[in-house]
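The values are calculated or read from the model by the stated rules, or taken from the named source; none is laboratory data. Predicted model, so just to flag it, every value in this text is computed and none were measured. Because the Cβ atoms are built from the backbone with ideal geometry, glycine has one as well, and the counts that use them run over all protein chains shown.
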Amino acid sequence: MAVIPLERKPLTLAERTYLPQILQGLKTTMQHLVAPAVTLEYPEQRPEIPTGYRGVPTLVKDPNGREKCVSCQLCEFVCPPKAIRITPGEISVDSPNAHVEKAPKEFDIDMLRCIYCGMCQEVCPEEAIWLQSNYSMTGLSREEMVNNKARLYELGGTLPDNHHKWDKKKAAEEHGNAH
Amino acid sequence: MFDFLISILTSPLAITIYKGVAAILVIFPIAGVCSMAERKVAAWVQDRPGPNRAIVPWVAWIPFLGRFLQRLGVFHVMADGGKMLFKEDSTPGHVNKFYFIAAPLLAMIPALTTVSVVPFGTYFDEAGKAIPLILANLDVGLLAVFAISSLGVYSLILAGWASNSKYPFLGSVRASAQLISYELSMTISVLPVFLWINAPGTTGTLGLARVVEFQSGIWHGLSSASWGGVWFGFLMPISAFIFLVCLFAETNRQPFDTIESEADLVGSFHTEYGAFKWGLFFVAEYSHMIVGSGIFMLLFFGGWNPLPWLPLGSVVGWMHQITGWAFTIHPLFVGILSIAIFLGKVLAMIFFFMAIRWTVPRFRYDQVMRIGWRVLLPLSIANLLVYAIAIAFIQK
Ligand code: SF4
Ligand code: SF4
């Protein structure tokens, strides 16, 4: 590669006095003085949340109202700051979802530990845990900052599900095609 | 008994005390308002709305106006001041208590004393002679300002030393070096002005009111008589410029605030201070700024004269001719008008301070020293020589 020697020009007298630059700068300052504010006044004005935003992690239900988490505890395992604490439980045999077999009995996410990394969402085989658009978690005590299972479902709501994998599995079992 | 009381209350001493208290009562709120304006201007320059939440309940009931004042952030002055007063005023354990507490008090003394020799307005007596509004119309005028305001550096040195911690100490060392080097150029830069007004054969004075009087001439056509109307800022632009730069350095404003540069010195001499003691430093700094701007306006931009060749006297005369109202030549009205014009100029100057703050990045300490000793000082001496020779020829 050819080397192009650049000559460094000596500063002119006007440049060395630094004054034209200051005047130029003052002009910019004045322009910004009258320019409209670019900030949001937060509690009244809320930012627009883009899709794919990683907010507070939540648990979701499928369109039939079944809780999707099967308490496999992968998210608990992968969570870097160990924010998730799961107590696995069984689904009673007389429930319509008995074929899913397991569901969490307790599911706590400590939002004082969570770093919003999204690993739990990525690792979940059931697409049951989602980081949604809620960005503002506040509380007055440490206990308040731990989201329990009920709160997680309340925050999460229902998300569309294209697979209904447990229904398909049940149907296949009933038609003698179990795998 | 009653007469005795009245004679005490109207004695010259008492009147001087009233004036002094009045000046302090004006300077303090202006310093507070300036700090608020500083925050607001900073916000606007940075494209944000700035402080706009605090409001007093019964003002909130006024439609529009209440909302407007709230958005302007005027009530944050009270909020800030209240916070400063009621915060815990802690004194760190490792400091020299006596000097630590004395330093902020000492900072206030020169800041408020200099006000006394700065004229801030004028009125005309029956003979049409201009009487300046001033607390102490001393002949040494500007010399007194220079002498007293340089005492301000002692409080910084004391604060830095008494804090018994390295950042404040470094900051106060810088402060003393910077203030001394810029004081020289500052003093030399105003000499041409006083050479000019102290023409041979007149009684000499260093009073600031006299300087303004000299800039109150009217237009006499293209003759040498018209010199009187030109403000010294136009006659001696280099002097004005050097004075302005030194003023920035003396008041520790950006770009010369290496003394308290947060980046390398935490907060310099006020690192260990908080609450009210810190507030005193803060007010002292703003008072210096206000007095400095005032002196700059008096020396170089006509004081209370609205425009070059348009002195206050002519304006008042015209107002009286056009409207015919007697009160327009009443001393009280003229006095208030002159104070308003002067204050407006000072505030414009303070706004300029703020605009510069958000324009020019802070100089390094060695750059500050280089500008002071190797640029401004030779420039001011050369300037003095040129003007001395020119004035000698003109006033021969
Ligand atoms: S949320 Fe997903 S990964 Fe976590 S336990 Fe439930 S099913 Fe497993
Ligand atoms: S977002 Fe990250 S830190 Fe938060 S719960 Fe999920 S895995 Fe843990």
Hits in segment B:34-64 - residues which are away from every other protein chain (no Cβ under 14 Å), assigned to a helix (DSSP H, G or I), buried (at least 16 other Cβ atoms within 10 Å of the Cβ) and of a type in the set (A, V, I, L, M): B:Met36
From B:Lys83, B:Lys19, residue being more than 21 Å from the chain's Cα centre (by Cα) and more than 14 Å from chain A (Cβ to nearest Cβ): B:Lys83
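Scanning segment B:181-205 for residues that are polar (S, T, N, Q) and part of a loop (DSSP other than H, G, I, E, B), which turns out farthest from the chain's Cα centre (by Cα)?
Among residues in segment B:181-205 that are polar (S, T, N, Q) and part of a loop (DSSP other than H, G, I, E, B), the one farthest from the chain's Cα centre (by Cα) is B:Thr202.
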Residue within segment A:147-155 that is touching a residue at least 24 places away in the same chain (Cβ under 8 Å) and in contact with a Ser or Thr (Cβ under 7 Å, 6 or more places away or on another chain) present: yes
A:Pro104 in a strand (DSSP E or B), of a type outside the set (D, E, K, R) and within 20 Å of A:Leu159 (Cα to Cα): yes
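Can you work out which of the residues in segment A:73-93 that are part of a loop (DSSP other than H, G, I, E, B) and surrounded by 13 or more Cβ atoms within 10 Å (Cβ to Cβ) is nearest to ligand 1 (Cβ to nearest atom)?
Restricting to residues being part of a loop (DSSP other than H, G, I, E, B) and surrounded by 13 or more Cβ atoms within 10 Å (Cβ to Cβ), the top hit is A:Gln73.
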Residue check for B:Ser172: outside any loop (DSSP other than H, G, I, E, B) and either surrounded by 20 or more Cβ atoms within 10 Å (Cβ to Cβ) or of a type in the set (A, V, I, L, M, F, W, C) (or both): yes
Residue within segment A:157-168 that is closer than 28 Å to A:Pro50 by Cβ and touching a Phe, Trp or Tyr at 6+ places or on another chain (Cβ under 9 Å) present: yes
Filter result (surrounded by 23 or more Cβ atoms within 10 Å (Cβ to Cβ) and among the aromatic types (Phe, Trp, Tyr)) within segment B:241-282: B:Phe243, B:Phe256, B:Phe269, B:Tyr273
Selected residue [small (Gly, Ala, Ser) and within 28 Å of B:Gly207 (Cα to Cα)] from B:Ala159, B:Ala79, B:Ala107, B:Ala60: B:Ala107
Top-ranked residue of segment A:114-123 - restricted to ones that are near ligand 2 (Cβ under 7 Å from one of its atoms), without any contact (Cβ under 8 Å) to a residue 60 or more places away in the chain and within 17 Å of A:Gln73 (Cβ to Cβ), ranked as surrounded by the most Cβ atoms within 10 Å (Cβ to Cβ): A:Cys114
Failed condition for A:Val70, given (1) within 16 Å of ligand 2 (Cβ to nearest atom); (2) surrounded by 18 or more Cβ atoms within 10 Å (Cβ to Cβ); (3) part of a loop (DSSP other than H, G, I, E, B): (1)
Sole residue being more than 16 Å from ligand 1 (Cβ to nearest atom) and either within 14 Å of another protein chain (Cβ to nearest Cβ) or in contact (Cβ under 8 Å) with a residue 24 or more places away in the chain (or both), chosen from A:Leu23, A:Leu131: A:Leu23
Filter result for B:Tyr286 (farther than 16 Å from B:Asp80 by Cα and either buried (at least 24 other Cβ atoms within 10 Å of the Cβ) or of a type in the set (Phe, Trp, Tyr) (or both)): no
The one condition in (1) of a type in the set (S, T, N, Q); (2) within 14 Å of B:Val291 (Cβ to Cβ); (3) more than 14 Å from the chain's Cα centre (by Cα) that B:Thr113 fails to fulfil: (3)
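Matching residues to (1) out of contact with any Cys (no Cβ under 8 Å at 6 or more places or on another chain); (2) more than 14 Å from chain B (Cβ to nearest Cβ); (3) among the polar types (S, T, N, Q):
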residue: A:Ala37; (1), (2), (3): yes, no, no
residue: A:Glu44; (1), (2), (3): yes, no, no
residue: A:Asn64; (1), (2), (3): yes, yes, yes
residue: A:Val70; (1), (2), (3): yes, yes, no
residue: A:Leu74; (1), (2), (3): no, yes, no
residue: A:Pro81; (1), (2), (3): no, yes, no
residue: A:Pro88; (1), (2), (3): yes, yes, no
residue: A:Asp94; (1), (2), (3): yes, yes, no
Residue that is farthest from ligand 2 (Cβ to nearest atom) [pool: residues in segment A:73-103 that are under 14 Å from A:Glu126 (Cα atoms) and hydrophobic (A, V, I, L, M, F, W, C)]: A:Val100
Filter pass, B:Ala136 being part of a loop (DSSP other than H, G, I, E, B), closer than 30 Å to B:Ile336 by Cβ and touching a helix residue (DSSP H, G or I) at 6+ places or on another chain (Cβ under 9 Å): yes
Unique residue being more than 12 Å from the chain's Cα centre (by Cα), modelled with pLDDT under 90, hydrophobic (A, V, I, L, M, F, W, C) and within 21 Å of A:Cys72 (Cβ to Cβ) when the list is A:Leu159, A:Leu152: A:Leu159
Flag if B:Ile17 is without any contact (Cβ under 8 Å) to a residue 12 or more places away in the chain and out of contact with any strand residue (DSSP E or B) (no Cβ under 6 Å at 6 or more places or on another chain): yes
Checking A:Glu126 against (1) more than 10 Å from ligand 2 (Cβ to nearest atom); (2) crowded, with 17+ Cβ neighbours inside 10 Å; (3) free of Cβ contacts under 8 Å to residues at least 60 places away in the same chain; (4) under 17 Å from A:Asn148 (Cα atoms), the condition it does not meet: (4)
Residue that is nearest to the other protein chains (Cβ to nearest Cβ), among those in segment B:359-368 that are under 24 Å from the mean Cα position of the chain (by Cα) and surrounded by 17 or more Cβ atoms within 10 Å (Cβ to Cβ): B:Thr359
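Return yes or no: is B:Ile148 without any contact (Cβ under 8 Å) to a residue 60 or more places away in the chain, touching a Pro at 6+ places or on another chain (Cβ under 6 Å) and not in a loop (DSSP other than H, G, I, E, B)?
yes
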